[in-house]
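Here the structure is laid out as C-alpha cells; the discussion comes afterwards.
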Amino acid sequence: MNAVSNNRSVLRQEFKKELQGYYQLNGEKNGSPIEGTIYPPDIAPNDTVALEKRVDELAGFLASKDGITLRPTPEFGKGRIEDRAKVAAGASGWVKASSRVALQTATSMIGNPAIAAMVNEGLKNCEADFFTAPSSKSGMFHPADEINEGGLALHTARVVQMGEHLGEFFGLNPAEKDNLRAGLVLHDSVKGGDPWAGYSNEHGELAGQFIMGLKGPDDAKAVAAQIATNHMALWRQKNDGTPNPAVPDNKMDMIASLSDYLAARDNIYVDVPGVDKSAPPISTPEERMKPQVYTGTTKNRSKEFPRGMEITMDKEDLHVVINGNTYTGKINDPEIKDGYLSYGGFESKNGKNELDGISLKANFWLLTGAKGGKVVLTKGTETADYFVRPPQA
C-alpha cells in the first residue's frame, strides 16, 4: 500500500493542487466542459491574484485540520487498479458496518430540531440502495474505501464533514450551517435515479425535488433543495449525458460544490465521527479483481476489422480473442479520455497478429463489471465500434 501521510505541508500542497484544478487556474483542467479560469461568486472575474490568495489560504486551512490524510493513488497503467482493490478490500468490513452510523452521526450535527426532523424523514424515505451502494458507478474514482457496500453513505458523511470545515472558513452562521448540513446529507439521496437504477445524471435535481417534498421549515427546505440540485455544478449533465454545467453563483452553492469535490478526491481521506475501523475485512483484493469478460460485434466494419470479439479486462491487461486467437495488451495511457482507457502492445502467442497497426480503447467502467459498454478499434482513419456485453449464461 502507498504510504499514508499526515504531513501538513505535503497535505497543503495536495489541497492546493486540487483547488487549482477545481478553479482551472494556470491552465489546469478539471474535466468539466467549461473553458478558462472559474471564479467563485465572491471574487471578481479576472482577479487572479485574489483567487490565488484564496487557494493558498484555503489549502493551508484544510491541511491544518485533524482527521484528513493523504494517500497517493497510482495512475492507470502504473498499478492503480490493483492498489484500489487492496484499499477497498482492507476497508470492506468497517465501511459496511459503520457507514450508516456515520451518516446518522452527520445528521445529528444539525442543531435546529425541525431541520433535523426533516432530514431524518428524508433518510427514512430513501431507497435502501442509498445505504448500500458504492460512491461512484465505476469504482475508479473517489477514495478507494468507498468502493464497498455503504460507500455512498460514507462519501455523504465525508462531504458533510468537509462542509463543516468550509463553513468555518467562509464564516457561516449557525442557521446557514444547519441548512448546509441538511442539503449535504441528502445531496446524493437519489443518486440511482427514481426508481433507483444504478446512477442518474440528474440525481442532483432529483434530490432537490425529493427534499422539497419533505416536511420542514420552508426556508431551510428551499436552501437544502437548492444545494442538492446544484451540487454537481461544473459537472452537471442532462439525463441523456449532455453537459449542463452551472458555475456556483452564491455562497451556499459554492461551499456545497467544493465540499463534494474535495471529499471525493481519490488521494484525500476524511475521517468522520461514528466510524469504528476495527471490523475485520470481509473481502480480499483477489475477489475485487476478478477479470471481467464481454463479447460483442460491430455493424460498421471494413475488411480491416474483425466481425466480432471477446474481451477480458484483467487488471491492467486486456485480452482480446479474435477468430480463436488471443492477443494481450496493456493500458498505454495513464489518463481516462472521454470515458475510455487506451490499450496497446497487443501480442499473440502464435505469431499472427490481427491487431497489428490497430489501436483499441474501451469504456473504463467495463473494468468493474458493467452490464455493457463500447470498444473502439482504429486503424488509420477508419474505426469500428463494438458494443459488448457479458456472455449470456
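Some notes on this structure:
- Single residue of the stretch 215-255 satisfying the filter (among the basic types (Lys, Arg), out of contact with any Pro (no Cβ under 8 Å at 6 or more places or on another chain) and in a loop (DSSP other than H, G, I, E, B)) that is modelled with the lowest pLDDT: 238
- Residue check, residue 109 in contact with a Gly (Cβ under 9 Å, 6 or more places away or on another chain), more than 15 Å from residue 269 (Cα to Cα), touching a residue at least 60 places away in the same chain (Cβ under 8 Å) and not aromatic (Phe, Trp, Tyr): no
- Whether a residue is part of a helix (DSSP H, G or I) and assigned by TED's automatic domain parsing to the domain that holds residue 163 was assessed, and residue 44 does not pass this test.
- Members of the stretch 1-42 that are without any contact (Cβ under 8 Å) to a residue 40 or more places away in the chain and within 20 Å of the chain's Cα centre (by Cα): 17, 20, 21, 23, 24, 28, 29
- Matching residues, the stretch 340-380, being among the polar types (S, T, N, Q) and closer than 18 Å to residue 307 by Cα: 353, 359, 378
- Annotation note: of 83, 42, 47, the sole residue that is of a type in the set (Asp, Glu) and within 30 Å of residue 290 (Cβ to Cβ) is 83.
- All of (1) out of contact with any His (no Cβ under 8 Å at 6 or more places or on another chain); (2) modelled with pLDDT of 95 or more hold for residue 62 with one exception: (1).
- Taking the stretch 283-328 as the range and being over 25 Å from residue 82 (Cβ atoms), surrounded by fewer than 16 Cβ atoms within 10 Å (Cβ to Cβ) and out of contact with any Pro (no Cβ under 8 Å at 6 or more places or on another chain) as the test, the residues that pass are 297, 299, 300, 302, 303, 304, 307, 308, 324.
- When restricted to residues that are part of a strand (DSSP E or B), surrounded by 14 or more Cβ atoms within 10 Å (Cβ to Cβ) and within 16 Å of the chain's Cα centre (by Cα), the stretch 329-369 contains 2.
- Checked against (1) at pLDDT below 95; (2) within 25 Å of residue 77 (Cα to Cα), residue 293 passes all but condition (1).
- Which numbered condition residue 34 misses (of (1) within 28 Å of residue 342 (Cα to Cα); (2) part of a helix (DSSP H, G or I)): (2)
- Residue within the stretch 55-69 that is in a helix (DSSP H, G or I), of a type in the set (D, E, K, R), surrounded by fewer than 18 Cβ atoms within 10 Å (Cβ to Cβ) and assigned by TED's automatic domain parsing to the domain that holds residue 259 present: yes
The values are calculated or read from the model by the stated rules, or taken from the named source; none is laboratory data. All figures in this text were calculated on a predicted structure; none of them were measured in a lab. Because the Cβ atoms are built from the backbone with ideal geometry, glycine has one as well, and the counts that use them run over all protein chains shown.
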